[in-house]
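First the structure, in the form of structure tokens, and then the observations on it.
The values are calculated or read from the model by the stated rules, or taken from the named source; none is laboratory data. Worth saying up front: this structure is predicted, and the values here are computed from it rather than measured. Cβ: placed from backbone, ideal geometry, glycine included. Neighbour counts: every protein chain shown. Ligands, DNA and RNA are stripped out before the accessible areas are found, and what is left, the full protein with its side chains, is counted by its heavy atoms. Shrake-Rupley method; radii C 1.70, N 1.55, O 1.52, S 1.80 Å.
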Amino acid sequence: MMRQELRLSGSGGQGLILAGIILAEAALYDGKNVVQSQSYGPEARGGASKAEVIISDETINYPKINKCDILLCLTQKACDKYIESLKPGGILILDDTISNIPNREDIKIYKVPILETASKNLKSFMVANIVALGSIYELTKIVTKESLEKAVLNRVPKGTEQLNRKALEEGFNLISNKKESSYGEVC
């Protein structure tokens, strides 16, 4: 039985709510059972933001995450707040701007230049969420590549499909082309 619980965290404006929706939709395309939820601070941009996704082969009886299998953190604040919610044996994906790396030897930690890739390679901070989804895919294979691509193109604003397709490819490449790089597993 496969059941994975993911928490995508950062600040408002980074598109993590949309990323959670896209990931949930991709899992649905793969025939999985899915629950997706989100929360964010009262600020429109800059406040805390998180999206949670549970993907399972079986019926999901409880829609909340207590301990996640995969945690994405795009800000230091999000990492500090949610690190204790990551299960032993879990995967932590950090943006490489996060300097205070959690001292946990029971998880795999990856530092990936998600925000830098969006701003420098794609000239748009707005697609960091899609870059993150590409990296999550390459590290976990939690959904199929085809389903993820389909969900991205179905959910992004009309007229931005090409940019978002490039962002997803950049996310794939950050991991697939750099398996032995310095920003791979750090623990």
Exactly one of these conditions fails for S49: (1) out of contact with any Cys (no Cβ under 7 Å at 6 or more places or on another chain); (2) open to solvent by 30 Å² or more (accessible area, probe 1.4 Å). Give me its number. (2)
Members of the range 59-87 found to be in contact (Cβ under 8 Å) with a residue 60 or more places away in the chain, of a type in the set (D, E, K, R) and closer than 21 Å to A128 by Cβ, listed by number: K77, K81
With respect to K77, determine if the residue is open to solvent by 40 Å² or more (accessible area, probe 1.4 Å), farther than 25 Å from K145 by Cα and in a helix (DSSP H, G or I). yes
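Looking at L122, L74 in this structure, which one is at pLDDT 95 or above and under 14 Å from the mean Cα position of the chain (by Cα)? Quick ask: steps written out before the conclusion?
Details: L122 fails: under 14 Å from the mean Cα position of the chain (by Cα).
Checking each option against the conditions leaves just L74.
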Within the range 96-131, residues in a loop (DSSP other than H, G, I, E, B), touching a residue at least 40 places away in the same chain (Cβ under 8 Å) and open to solvent by 80 Å² or more (accessible area, probe 1.4 Å) come out as E105
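Being assigned to a helix (DSSP H, G or I) and in contact with a Phe, Trp or Tyr (Cβ under 8 Å, 6 or more places away or on another chain) is true for just one of I17, I83, I93, I21. Which residue is that? Spell out how you get there, then give the answer.
Numbers: I83 fails: in contact with a Phe, Trp or Tyr (Cβ under 8 Å, 6 or more places away or on another chain); I93 fails: assigned to a helix (DSSP H, G or I); I21 fails: in contact with a Phe, Trp or Tyr (Cβ under 8 Å, 6 or more places away or on another chain).
The unique qualifying residue is I17.
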Scan the range 52-71 for residues that are open to solvent by less than 20 Å² (accessible area, probe 1.4 Å) and more than 16 Å from the chain's Cα centre (by Cα) and jot them down. S56
